[in-house]
Amino acid sequence: SSYRATAEQDEVPGFLSIDWLLAQFDSDPSTAMHHYRKFVQQGRDVTVWDQVRSGSILGSDEYVNRLKPMLDTMWDAVKISQNERLAARPSLDLC
């Protein structure tokens with residue numbers, strides 16, 4: 001997680017950009033940091049697992065029913081044959 005760096009509890013690594021995220025909370029960096037920390041704190045006791053439908057979709061039953069046909073179509077488009085998946089796999093032979 002990037003929380004500690006974004007909340008200024010750790011140094012921000014060079015690969016992590018926090019400016020855009022903090023700008024969503026306020027244009028003033030210190031105010032943005034305050035609102036960001038408060039936002040994360042408010043979500044600490046929120047449980048979403050009981051709201052997950054069909055194994056991995058978060059939303060109402062109506063939303064899931066609308067989404068499932070699209071996902072089924074997309075899944076057919078991304079299926080990769082076993083031969084294709086194993087083509088670049090190195091051999092386990094220890095010869």
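Extension gain for Q24 to R44 (0.36 nm times residue separation, less C-alpha to C-alpha distance): 5.2 nm. With the simple spin-label model, which puts each label point 7 Å out from Cα in the Cβ direction, the L86 to S17 separation comes to 4.2 nm. Solvent-accessible surface (1.4 Å probe) assigned to V46 amounts to roughly 90 Å².
Each of T31, T47 has its accessible area taken with a 1.4 Å probe; listed largest first, they run T47, T31. Put E11, E84 in order of accessible area, highest first, and with a 1.4 Å probe you get E11, E84. Using the 1.4 Å probe convention, the accessible area of region 7-63 works out to 83 Å² per residue with neighbouring protein chains retained.
Extension gain for D72 to R37 (0.36 nm times residue separation, less C-alpha to C-alpha distance): 8.8 nm. Potential lengthening of the chain between V52 and Q9 amounts to 12.3 nm, from the contour at 0.36 nm per residue minus the alpha-carbon distance.
The values are calculated or read from the model by the stated rules, or taken from the named source; none is laboratory data. Note that this is a predicted model, so its numbers are computed, not measured. Here Cβ is always computed from backbone atoms with ideal geometry, including for glycine, and neighbour counts include all displayed protein chains. Areas reflect the complete protein model, heavy atoms only, side chains present, ligands, DNA and RNA absent. Shrake-Rupley method; radii C 1.70, N 1.55, O 1.52, S 1.80 Å.
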